[in-house]
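Working notes, structure below.
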Amino acid sequence: MSKPTKPKVARPVDSRRDSLQPAQLFRVVAETATDGIITIDERSTILFVNKAAERIFGYPVSEMMGREVTMLMPDYLRETHRKSVGRYLQTGKKHISWTAIELRGLHRTGKEIPLEVSLGEHVHGKTRIFTGIVRDVSEREQSEALLRQSEEKYASMVHSSPDAITLRSLPDRRYLEVNEGFTRLTGYTTEEVLGKTPADLNLWVEPEPHRTTLEKVETEGQVQGEEFRFRTKSGEIRYGRVSAVRVMINGKQYMLSVTHDITDSKRVEEELQKSESQFRSLVHDAPYGIYRVALDGRLLQVNPALVRMLGYESEEELTRGSVEKDIYRNPETRQRLVRDHWQKQDFREVEAEYRRKDGNIIIVRMTGHPVREKDHSLAYIEVFAEDITERRSLEKQLLQSQKMEAIGRLAGGIAHDFNNLLGVILGHSDILDQQIGGNDRLRKSVEATRNAAERAAALTMQLLTFSRKQVIEPTVIDLNASVMEIEKMLHRVIGEDIELSIRLQPDLGRVKADPGQLSQVLLNLAVNSRDAMPSGGKLVIETANADLDDTYGRQHLGARPGPHVMLAVSDTGTGMDSETLSHIFEPFFTTKETGKGTGLGLSMVYGIIKQSNGYIMAYSEPGRGTTFKIYFPRTQESASPVQKANDEIPSGAETVMVVEDEAPLRELTRVLLEDAGYTVLESSGAEDALETAKDMQRKIDLLLTDIVMPRLDGRELANQMVSLRPDLKVLYMSGYTDDIIVHRGVLTQGAVLVQKPFTKRTLLQKVRETLDSKSQAPSHQVR
């Protein structure tokens with residue numbers, strides 16, 4: 001059996017043995033402290049440093065021990081420290097109180113550290129020991145700097161705000177602080193406002209609503225967006241919107257308010273109200289049709305312009321008796337608009353055809369947009385409609401005019417070149433005719449050749465007439481007399497089964513035109529009417545004075561406003577549709593059977609009228625006949641005397657210089673002139689002719705020159721040669737005359753031109769006429 005153990009007896013604790021000594025206690029406190037603790041001697045040598053100082057300065061404890069404490073100071077503080085310690089030791093003071101001072105330390109990285117240092121002193125033997133408790137206040141300094149920046153930022157925001165910001169005491173409501181926005185808005189200075197109430201400044205226009213607002217702040221704590229009127233220092237009335245809140249500062253109540261100036265927006269709102277009224281007036285007076293239409297087609301509102309555009313009597317009649325689909329010529333147009341635009345987006349410049357109340361069709365261009373409710377559902381559509389019927393008509397006329405002009409240039413160019421060839425054929429036919437003697441077989445061949453060439457020349461002449469390249473000799477004529485002169489011929493042309501009726505205005509004005517061409521116009525129109533009445537009918541020729549106004553000029557491209565004489569040719573024939581009507585003046589366009597017409601008759605009419613500065617318009621419908629209306633400008637000049645024709649083929653003995661770049665035609669001209677007794681000098685171009693003209697030993701009586709030539713044209717050649725030989729006469733020749741040579745195909749008074757292709761008779765008559773004239777070339781040039 002084991003022995004029982006003795007119970008242990010606890011020994012008394014020796015407090016002196018287990019308790020920490022003061023030095024040990026200091027070390028424990030120093031090592032656990034969050035602030036740095038540094039102990040130095042009189043020479044500033046570091047005797048002790050704790051771990052916290054290692055964190056603050058970045059040096060290990062081992063590197064700081066035994067070194068001068070100035071290592072932890074910036075350079076500019078080290079000498080100051082040494083002198084301060086020296087002065088302190090010399091004074092013989094025995095104690096430094098634990099007073100906190102602010103210093104700058106130096107981190108191992110070279111960065112300065114803001115420090116708060118508390119110093120203490122004790123004597124160990126004969127040595128004075130100094131202990132400093134060091135606290136890094138970097139974070140506190142940063143926080144203070146941020147706080148200052150924040151305060152400055154918000155103060156700057158308050159003072160620079162465009163809104164008026166005020167702080168007022170409650171309940172007396174006196175201004176304690178105001179920003180620059182308030183002084184700008186009211187015109188008062190800060191000194192004039194502080195300590196006063198709005199009532200003292202007579203600031204409010206209506207005091208009662210403002211007092212109600214202040215009471216609401218005091219009772220409810222805030223107001224939002226209250227509008228009011230206020231009076232500035234200068235007396236101007238302005239509008240403001242205020243938001244205010246009640247705040248507590250040090251136990252006292254204040255009101256902080258922000259007022260935004262809404263004067264401009266208020267005035268804009270008032271102007272908008274005026275504008276709305278003006279807009280309604282503008283809509284009412286607008287020249288364009290404006291209307292609102294529901295999706296189901298009900299016309300909700302229309303303006304007077306739309307009523308007039310559609311031919312109704314009143315707005316009520318249009319909105320009561322119609323739905324929008326009835327306006328359109330084609331109901332599918334509205335379906336397309338609803339599908340593609342109304343339920344989606346705005347639409348611009350959409351063209352459609354409207355049907356007027358009388359059934360006539362007009363072309364409109366629409367612009368509009370859908371108006372929606374707050375829930376985005378479609379309320380109605382606003383539509384602006386412009387009648388562009390007249391514009392489209394003019395555009396169509398312009399395209400037709402441009403097409404005719406292009407065709408004319410082409411036809412004129414072809415005719416010019418062809419005329420040169422025909423001139424050679426006709427000229428040599430004349431020469432052969434004189435030389436064949438009694439050979440009947442050859443004579444018949446020459447006659448056939450000449451007849452074919454003359455028919456071809458007639459065709460080219462028609463092309464030249466259409467293209468306005470034919471030379472004309474206009475005179476002042478009485479249109480009534482011209483119609484009566486051709487009446488007998490017209491009876492023979494149209495036949496007995498067509499009744500001819502002539503209606504002439506007695507006091508008809510005079511016109512300036514080529515009489516021969518005017519006869520061609522009447523004959524061609526009469527033949528055209530005859531062909532349109534195969535079973536007989538009525539042909540009416542009328543004349544009348546007419547004054548074309550600006551409206552007619554706008555609606556008919558090429559027509560010029562002013563006094564005119566009208567010539568109308570109407571028939572009761574088959575008529576034409578709009579498609580045929582758009583082509584009738586084009587060369588070689590014909591509705592007749594093959595071999596029954598060349599398609600040049602109306603083309604020639606068109607060219608003659610245009611060349612005479614006139615205007616021609618055709619009106620026709622299938623089964624309702626056709627009317628051609630021609631307008632010639634009225635002139636105040638006296639009628640020109642009638643000249644008798646001379647059938648004699650003249651001759652002469654003068655010297656003629658012929659300048660022609662086409663060799664065959666030049667050779668033919670030389671032969672014809674020499675056969676008539678003239679001496680001929682030939683030149684293929686202007687340069688050669690000028691060289692010959694400089695030789696003053698050579699006699700030259702007449703210059704016969706082509707107008708269109710390479711490098712130097714006939715007009716310039718004539719000018720230069722006349723300057724060398726002032727007595728020289730000039731005769732021009734050309735297959736056609738461009739605008740640069742003959743303005744609109746008309747010769748100036750006194751200028752003479754022989755038209756290609758010419759016969760022997762024509763050439764010799766023009767040569768003799770020019771040589772016998774008294775006028776000089778310089779004063780009678782082609783323009």
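The values are calculated or read from the model by the stated rules, or taken from the named source; none is laboratory data. Fair warning: this is a prediction, and the values are worked out from it, not measured in the lab. Cβ placement follows ideal geometry from the backbone for every residue including glycine, while neighbour counts extend to all protein chains displayed. To get the accessible areas, we keep the full protein, side chains included, count just its heavy atoms, and leave off ligands, DNA and RNA. Shrake-Rupley method; radii C 1.70, N 1.55, O 1.52, S 1.80 Å.
Remarks
- Any chance residue 468 is open to solvent by 20 Å² or more (accessible area, probe 1.4 Å), within 26 Å of residue 563 (Cα to Cα), among the basic types (Lys, Arg) and modelled with pLDDT of 85 or more: no
Residue-by-condition table, conditions (1) at pLDDT below 85; (2) of a type outside the set (Gly, Ala, Ser):
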position: 151; (1), (2): yes, yes
position: 161; (1), (2): yes, no
position: 174; (1), (2): no, yes
position: 189; (1), (2): no, yes
position: 214; (1), (2): yes, yes
position: 224; (1), (2): no, yes
position: 232; (1), (2): no, yes
position: 238; (1), (2): no, yes
position: 241; (1), (2): no, yes
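- Every condition in (1) of a type in the set (S, T, N, Q); (2) surrounded by 12 or more Cβ atoms within 10 Å (Cβ to Cβ); (3) modelled with pLDDT under 60 holds for residue 19 except the one numbered (2).
- In the range 567-594, the residues that are assigned to a loop (DSSP other than H, G, I, E, B) form Cβ pairs under 6 Å with partners that are modelled with pLDDT of 80 or more and open to solvent by 40 Å² or more (accessible area, probe 1.4 Å), at six or more places apart or across chains, as follows: 572/538; 575/621; 575/622; 575/623; 575/624; 577/622.
- Only residues that are touching a residue at least 24 places away in the same chain (Cβ under 8 Å), over 49 Å from the mean Cα position of the chain (by Cα) and farther than 14 Å from residue 186 by Cβ were counted in the range 221-257, giving 10.
- Restricting the range 510-526 to residues that are touching a residue at least 60 places away in the same chain (Cβ under 8 Å) and open to solvent by less than 40 Å² (accessible area, probe 1.4 Å), the residue that is farthest from residue 563 (Cα to Cα): 524
- Flag if residue 705 is under 18 Å from residue 692 (Cβ atoms), among the hydroxyl-bearing types (Ser, Thr, Tyr) and modelled with pLDDT of 75 or more: yes
- Within the range 342-397, the set of residues being surrounded by 12 or more Cβ atoms within 10 Å (Cβ to Cβ), outside any strand (DSSP E or B) and at pLDDT 80 or above comprises 356, 357, 388.
- Filter pass, residue 233 being among the basic types (Lys, Arg), in a loop (DSSP other than H, G, I, E, B) and open to solvent by 40 Å² or more (accessible area, probe 1.4 Å): yes
- Which numbered condition residue 260 misses (of (1) over 17 Å from residue 186 (Cβ atoms); (2) at pLDDT 85 or above; (3) open to solvent by 50 Å² or more (accessible area, probe 1.4 Å)): (1)
- Taken together, the residues in the range 53-88 that are touching an Asp or Glu at 6+ places or on another chain (Cβ under 7 Å) and free of Cβ contacts under 8 Å to residues at least 40 places away in the same chain amount to 3.
- If you go through the range 649-706 and pick out every residue that is within 19 Å of residue 763 (Cβ to Cβ), open to solvent by 10 Å² or more (accessible area, probe 1.4 Å), assigned to a helix (DSSP H, G or I) and not basic (Lys, Arg), you end up with 6.
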